[in-house]
Structure formats: structure tokens, C-alpha cells
Amino acid sequence: MTRGGLAEFRPRGRLSPHRRTCYAGPPPQSPIQGKSVSDNPRFIWLPALFGALLGLGLARFAYTPLLPALVDQDWLSEPEAAFAGAANLLGYLVGALCAQALAGRPERIAMLNGAMLAAAVSLLACAFPLGFVWITPWRFIAGVAGAFMIVLGPATVFAATPPGSRARVSGLIFMGVGLGIVLSGTFLPALAGLGLSVAWAVLGLVGFALTALAWRRWPRTPIATPPSAAPAVGRGLTLVFVFAYAMDGAGFVPHTLFLSDFVARALGQGEVAGGFYWAIFGIGAAMGAPVCGLIASRFGLRETFVAGLAVKGLAIALPLVSTGAASLMLTAFLVGALTPALAALAAGVSTTLAQGPAQARLFGAMTIAFALAQATAGFALSWLFATSQDHMILFAIGSALLLIGALAAGAATMRMGRT
């Protein structure tokens, strides 16, 4: 035995490749071990879903079920509550403009995390009953933050998603909007009964939790610039899809602003019934985006987008035909389902019209057109209702706008061929 008793076991000369492998250490880690759910390519959409849930589902749509309590508990007057809601729409427009301009910047993940943090702070700040001059700027900030998450979030995920999976992934991302509507509509009225400060504080804490969950989970795949600077399709056809998405923004305003009021006051069924149909709207919103994503995977993104516009336009017209319970439930469910679904489909369509940073800028332009049309229609239809006190004309206008958008996008799709 040599010194230390181990020399005779030392390999002499160069190790063969086989022997080097044997001495290389422990076996490699299983690809499943040590990975979080978000590291799995199958769940790459999770941070963008968290962003949609926070940015639109909570930071925007949670205001709707809280609005009556804001007035009843003397936090705001009726006009102040309406203006605070409009401030969020204005913030969404401003945020879409800024996000579209910054879409090609490499700091997009920092911007996304910052937007989620700003949305959470804005919700928590509203827990303090400091009146209109306090709540309104925070509602504006929530709108800006929501636009950043909607414009940049899907683009960041699409950069790491195979083209064949983008329709499904887009549907999963925008499912977050529907989940936020369902959760806020279900739990916030009860929380508001404990006090508005409690309701806003819970929203803020949920916002911080979603921010923490998404913070390190965004895919870091660069948004690559395509080899050719030429657009994927002609500018004219691209503008048609921007116009069609703007018609969606204007056309669904009657339901989001007036459906509950139509049921409660015009039909004389009361606030409880109005709230019931808003809950049906939320259930549809939770289901619509993933279902339409699967349909788009089968039939094509542009084709499904056109069909969605047409179905939504017909659904908005249902109260013109019947105001029975079945008709009201169907109109609420279908319009609710197609509200986040068409946003998901529009994001997917943008990937067929442009690539790389141009895709993020295009979807930013589509979001700007949507937000501008939505805000314009909100003020115009509110004025029309104030002068006419007629809900039916609002539904007729909304339906017509969506069907015009469907016809325009359908004509462009026929020219371009199937996606």
C-alpha cells in the first residue's frame, strides 16, 4: 500500500472518454427538477395573464361594482364618480400612446414590472377617503398602467412563443381580464359592505401579490427585428384591422355602461337583477378568451376575429328583439365572452401583420384606436341617452358599429387569404 493508501487507485495517463464521463460527477439534473411553473414553456403566458388580471380585470373593471358604494357612502358624488371613471379611460389612452412609442425599447420587462407596481399602488391609495381630487389621479394612473400591461405584455410573451401556439397563448393571457371581472363582481360588493377602505385595501394587496408573482417570470427572449424591414402586409390592409378593432371599442360601450341600468330601471327589475346580468357578463368574460383562442388555432386568427366582431354585433342587438330573461342572459354572456376574446384575437392578428418590434407598435396603435373610439363613444352615447332616455337606440348604434367593423375586416381577410 502506497502513502495514504490511495495512490494505487489514481488513474495514470489520460482518461479515456468513457472514464472521463465516469469521473464527471453526479448525473445531470432532470429537466423537470428545479424549475418553477413559469419556466415551463407550457406556462410562459402566466406573467402576462397576471398583468391582464391586474391591469384591466382589477385596476379598471373593479371600479364598476364599487361605484354605487362610492356614492352611497359619500366618498364621491354621482358626477364625481363618473368623472373618476372617465379618468381611467383617459389614462388608458395616454398609456397606450406611451407604450406604443416605447414598444421597441429593450427595457420592456422593467416597464412591465413598473406598470404592475403602479397599478397595485393606485388601488391601495384609493383606500384613503380623501375625496375626488385624491381618487381621480390614481384612477388615471391605473389606466396608464393597464395600457402598458396590455400593449407590452403579450408582445413579450409572443417573442418566446412559436407562431403556431400564439392563438392559444393569446386566449390564455386575456382570460385574466375575465377572471378579474368575475372576482371583483363576486367579492367586492360584500367587501364594500365592510367599508370601502377594506375593499380597496384588499384590491391593493392582491395587486402586490400578482406583481410579486410576475416579477421574475417574464420571458427574456429579445423581440427580434425581422431580416427585412418591409411590413408583412400592405399598410392599407393593416389600417383596416386597426379600424375594425376601433369599431369594437366603440360598439361594446352600450353594454358596459348601460346594460345593468337598462335592466334595473328601464325594465323595472331592480338593482339586484342588474347586478345578476353583470355577473353573467363576467362569467362570459372568464371563458371567452381561451375558447376563442382554441377556435382561432383551428380556423385562423383573422377569420376568428371577423366572426367574433359579427357575433358580438348581433349579440348587442338582442335586446332589440326580446327583453326576456333568456335573451338578456345570452346578450350579457356573449358580449362578456367576446370583450376580452376580441382583445386576445386582435393581439394575435397583429402577429400576422407585422413582426418583431413592429408587431408591438402595431398592437399599440390598435389599442390606441380602441381606447380613443371607446372614450369618444362613451361621451357621445352618454349625451345621446341624456337627451333621449332611450336605451334601445344605444344598442342599435353599438350593433351597427361592430357589424361595420366585421364587414371591413372580413373584406381585408378575403384579400389576404387564410392565416
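Values quoted throughout were computed directly from the atomic coordinates according to the rules given, and no laboratory measurement underlies them. Note that the structure is predicted; figures quoted are calculated from it, not measured. Positions of Cβ are backbone-derived with ideal geometry, glycine not excepted, and every protein chain shown enters the neighbour counts.
Between Leu407 and Ala266, the modelled labels are 2.4 nm apart [label points 7 Å from Cα along Cα→Cβ]. The Leu239 and Val198 beta-carbon pair, evaluated with R₀ = 60 Å, returns a calculated FRET efficiency of approximately 0.80. Taking the number of Cβ atoms within 10 Å of each Cβ as an exposure proxy, the fewest-first ranking of Trp383, Trp215 is Trp383, Trp215.
Can you give the helix-only mean residue ellipticity at 222 nm for the chain, where every DSSP H stretch with n ≥ 4 adds -39500 (n - 2.57) and the sum goes over all residues, rounded to the nearest 500 deg cm²/dmol? Before the final figure, lay out each step's value.
On the way: 16 runs with 302 residues, N = 419.
Rounded to the nearest 500, the figure is -24500 deg cm²/dmol.
Here the Kirkwood formula, the inverse mean of 1/r across different C-alpha pairs, assigns the chain a hydrodynamic radius of 22.6 Å. Dipole orientation for the chain: of the candidates Thr156, Pro68, Gly398, Thr156 has the Cα lying most toward the positive pole (charges on Cβ; Lys, Arg +1; Asp, Glu -1).
Pairs of alpha-carbon atoms within less than 8 angstrom and 6+ residues apart define the contacts here; what relative contact order does the chain have, in percent?
Values: 710 pairs, mean separation 95.4, N = 419.
Relative contact order comes out at 23 percent.
Computed with the Debye formula from one identical point scatterer per Cα of the range 231-419, without solvent, the log10 of I(q)/I(0) at q = 0.19 Å⁻¹ comes to -1.23. When the trypsin sites (Lys or Arg not before Pro) in the range 314-419 are filtered for DSSP coil states and for at most 14 other beta-carbon atoms within 10 Å of their beta-carbon, the remaining sites are Arg418. When the Gaussian network model of the chain links Cα atoms closer than 10 Å, the mean-square fluctuations of Phe333, Phe281, Phe299 top out at Phe299. Springs join every pair of Cα atoms under 10 Å in this Gaussian network model of the chain, and among Leu54, Leu239, Leu203 the largest mean-square fluctuation is at Leu239. Among Gln355, Gln100, Gln269, the residue with the largest mean-square fluctuation in a Gaussian network model of the chain, with springs joining Cα atoms closer than 10 Å, is Gln269. Scanning the chain for DSSP H helices at least 20 Å long along the axis (C-alpha atoms) with a Kyte-Doolittle mean no lower than -1.0 picks out 78-101, 108-125, 132-158, 166-193, 196-214, 235-251, 270-299, 301-316, 325-353, 357-388, 391-416.
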